[in-house]
1. Going through the cross-link list LYS79/LYS288; LYS63/LYS155; LYS79/LYS224, which pairs have a Cα-Cα distance over 24 Å in this structure?
2. Going by how many other Cβ atoms sit within 10 Å of their own, how do MET177, MET186 line up, fewest first?
3. Order of LYS127, LYS79, LYS63 from fewest to most other C-beta atoms within 10 Å?
4. Fewest to most neighbouring Cβ within 10 Å: what's the order for THR299, THR333, THR163, THR283?
5. Given R₀ = 30 Å, FRET efficiency for LEU153-LEU326 by Cβ-Cβ distance, to 0.05?
6. So how far apart, in nm, are the two label points at LEU183 and ALA30 if each is 7 Å from Cα heading toward Cβ?
Amino acid sequence: MANALSGYSTRKKVLWGIVSALMLALLALAVNRLSALGPKALEYPLWAAVLGLLANIVASGLKVKDKLGTVVRTELFLKVGLVLLGASVNITEVLSVGVRGLVQALVMVTAVFFFTWWLGGILQLEKKLRAVMSAAVSICGVSAAIAAAGSILAKKEHLAYVTAMVIVTALPLMVLMPWIAALFGMSPHWAGAWFGGNIDTTAAVVGAGTIYGEEAVRVASIVKMAQNALIGVVAFLLALYWVTREERMEAGRPSARVLWDRFPKFVLGFILVSVLASVGVFTKAQVKDITALRHWAFTLAFIGIGWDLALGEFRKVGLRPLAVYLAATVFNTLLALGVSWVLFGGG
């Protein structure tokens with residue numbers, strides 16, 4: 001009987017979560033359509049993130065957030081949206097941008113990871129917190145933090161701290177970076193590469209690119225995916241380092257299974273859809289429908305970003321981890337600006 005009641009409660013929570021997410025998505029798209037009538041329209045990613053954050057604050061204040069449960073599976077909808085984005089990206093463009101994106105990813109991930117690790121050591125952060133933070137700020141925020149935390153068995157508190165910092169810094173960057181890029185007249189390729197190489201969450205990267213334009217969001221997404229592809233490599237190397245150096249245990253033979261488990265599978269979906277679109281499998285009408293579905297998926301993902309922000313956890317972070325993360329973000333921003341200009345400045 002108790003199990004039946006528990007199952008009913010879970011189903012009720014899921015139902016409320018779905019209804020809440022759909023209502024917020026409809027509201028975000030409606031506000032975006034109304035804002036388009038004005039002289040300075042803001043794109044739907046910002047409206048969705050703001051509405052998700054407002055819903056988060058209200059639900060937390062009324063102490064009903066736990067009852068609503070997870071309003072939306074942020075990463076699921078984000079990955080669905082990115083796969084669908086492949087329908088509007090020609091594979092030849094993916095290859096041309098992807099090579100430069102991979103070069104940028106290798107430079108950025110290596111430099112930013114070791115800068116963050118070094119600075120965290122100077123300010124005497126716990127080594128596992130340093131590792132999770134270094135992976136998050138150098139690769140792709142929450143996904144990389146989760147992979148790193150799993151590979152070294154970090155504390156839940158470390159992951160919660162880093163997740164809070166990722167979201168808090170990503171949302172302002174999603175708005176500020178397109179504005180700065182427009183102020184300096186950056187080309188869509190340069191701006192997109194800058195967004196993709198710097199902003200820590202893929203959702204915010206897509207949001208910034210969307211605000212700047214269709215070409216920018218394609219480049220930003222491809223560059224970010226090149227960076228995401230290194231999650232498995234970094235997680236594997238972290239696990240290997242931790243076992244052999246920090247825990248002083250026998251490492252054994254490296255397993256390719258670890259790389260595959262950590263590899264972001266949605267990258268393969270994006271490439272597959274891009275190939276199908278490039279060879280003419282989809283008609284123009286179908287591409288238009290897929291684009292509409294992509295907007296829905298991204299809207300739900302952006303709502304989830306605002307909803308998932310754990311304000312209480314962020315207050316527990318303290319000054320030293322926050323100082324390290326902000327300094328690493330500034331370093332990442334400036335380095336990404338220079339590297340993207342070298343590789344993408346000419347368009």
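1. LYS63/LYS155
2. So the residues, fewest neighbours to most, are MET186, MET177.
3. LYS63, LYS127, LYS79
4. THR283, THR333, THR163, THR299
5. Efficiency for this residue pair is about 0.65.
6. Spacing of the two 7 Å Cα→Cβ label points: 3.5 nm.
Values quoted throughout were computed directly from the atomic coordinates according to the rules given, and no laboratory measurement underlies them. Since this is a predicted model, take the numbers as computed values, not measurements. Reconstructed Cβ throughout: ideal geometry from the backbone, glycine too, with neighbour counts over all protein chains shown.
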